[in-house]
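Written below as C-alpha cells is the structure these notes are about.
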Amino acid sequence: MTFFKKIKDKLTQQTDAVTEKFKDGLSKTRDNFSGKMNELVARYRKVDEEFFEELEEILIQADVGFETVMELVEQLREEVKLRNIQDPKEVQEVIVEKLVAIYQGEDEELPELNIQSEGLTVILFVGVNGVGKTTTIGKLAHHLKSEGKNVLLAAGDTFRAGAIDQLDVWGERVGVDVIKQAEGSDPAAVMFDAVQAAKARGVDVLLCDTAGRLQNKVNLMNELEKVKRVITREVPNAPHEVLLVLDATTGQNAFVQAKQFKEATDVSGIVLTKLDGTAKGGIVIAIRNELHIPVKFVGLGEKMDDLQAFDANEYVYGLFADVIDEAKA
C-alpha cells in the first residue's frame, strides 16, 4: 500500500499531538464513512458496476457532494481499468489517493494563513449567526498569541444581541483587547477605530468580526463592501484574509452558505467548526472541489487549542486511520 505509506511518512513530520487531534476529531466520520467502506469491500469479491453504485451512495451520504462523487467515481472506474484491479480491497487506497488529489489539485502544499511579515495583518470573519464565528475568532486569537503575535479584536457584529459581550468575554479569556462601540453602531465605524488603534499600538494581527445576516444578499454584500473599503483605505491590500466560518454539522447547508458568501464577497478561506461533531466530514472535499476555496482551519473540539490549521494528509488519516495504520505495520 504505497500511497498509505506515503501519507504515513508525511505524518511523521508533524507532531503526534496534531495527528491524534485529527484522528480523534474525525472519529464520527471515520466510523460512519470508513466503516461503510470496509463493509462494502468485505461484501464484494470483485470490482463491478454494483460495487461502484454502492460506493457512490456511501460518498454522497458522507456529504462529499454530488458533483464531486460523480467525478471521483468516474476517475476510479478509469483507474481500476488501467491498473487492472480485481480485488475491492485495493480500491480503498485508490479512493484515498484520489481524495487527496481532488483536495490538493496541483498544489502539493496549500497556502497557509496570509500573515504579513511586516506591518499590520487584517483578517475579516464572515458567516451566518450560530456557526461559531465569535468562538473561532477567540480561538484564533489564542493560537496567534501563542506564536508570539500581538493581537487585537474588532467587534463589528453590532446588530446581534450579545455579540459584542461575547467577543469581550473571549478577549478577557485570551488576554487581548477588543475595540467596540455601542450595539447598533455602524460596523464600518468600528473597523475604522479598530484599524487606528491597531496602528497606534503596533499590533501584528487585527481579527474583525462582522454581522452574520444572510437573509438579503444585497444588503450583506453592501455592508461587507463598506467595511472592506474602510479597511483598505487605512491599510492598503487589506483585508489580507476573508475567512468564512461554517458549521460542519449542518452538512449540505454549510455548502450552500459557502456558495452564497462566495457570490457576495471574496472569500479567501474556510474555517470549518464542529468537525468533531459530525459523521459527514466529507463536506471538506465538496467545498474545495466545487467552490475552489481552501479550508484553512478546522474545529476539532471545545478546548481553546482545538482549532487546528487544516492539513490534507492529517484529514485523510483521520478518515482512514485504521487502514493506513494497517499499512504501516
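None of the figures in this text is laboratory data; all of them are computed from the coordinates on show. Nothing here was measured: the structure is a model prediction, and the numbers come from that model. Don't worry about glycine lacking a Cβ; one is built from the backbone with ideal geometry, like all the others, and counts go over all protein chains shown.
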What's the magnitude of the charge dipole for the chain around its Cα centre, counting Lys and Arg as +1 and Asp and Glu as -1 at the beta-carbon? Answer in Debye, nearest 20. 600 debye
Expressed as a whole number of Å, what is the distance separating the alpha-carbon centroids of segment 131-149 and segment 181-259? 15 Å
Length released on extending from Thr232 to Leu82, taking residue separation times 0.36 nm less the Cα-Cα span: 48.8 nm
Which is the longest run of the chain containing none of the GluC sites (Glu not before Pro) found in DSSP loop states (not H, G, I, E, B) with at most 14 other C-beta atoms within 10 Å? 148-301
Of the listed peptides 272-279, 133-140, 173-180, what is their order by residue-averaged count of other C-beta atoms within 10 Å, with the highest listed first? 133-140, 272-279, 173-180
Taking 0.36 nm per residue of separation and subtracting the Cα-Cα distance, what length does fully extending Asp48 through Gln181 add? 41.6 nm
How much mean residue ellipticity at 222 nm does the chain get from its helices, if each DSSP H run of length 4 or more adds -39500 (n - 2.57) and you divide by all residues, to the nearest 500 deg cm²/dmol? -17000 deg cm²/dmol
Kindly provide the Kirkwood hydrodynamic radius of the chain in Å, to one decimal, from all pairs of distinct alpha carbon atoms. 20.8 Å
Please identify, among Ser34, Ser268, Ser146, the residue showing maximal mean-square fluctuation in a Gaussian network model of the chain using a 10 angstrom Cα cutoff. Ser146
Can you list the DSSP H helices in the chain whose Cα atoms extend at least 24 Å along the helix axis and whose mean Kyte-Doolittle hydropathy is -0.5 or higher? 66-83, 88-104
Apply the Kirkwood formula to segment 121-311: the hydrodynamic radius equals the inverse of the mean of 1/r over all pairs of different alpha-carbon atoms; give it in Å with one decimal. 16.4 Å
Which cross-chain or sequence-distant (5 or more) residues have an amide H under 5 Å from the amide H of Val295, H modelled 1.01 Å from N in plane? Ile270
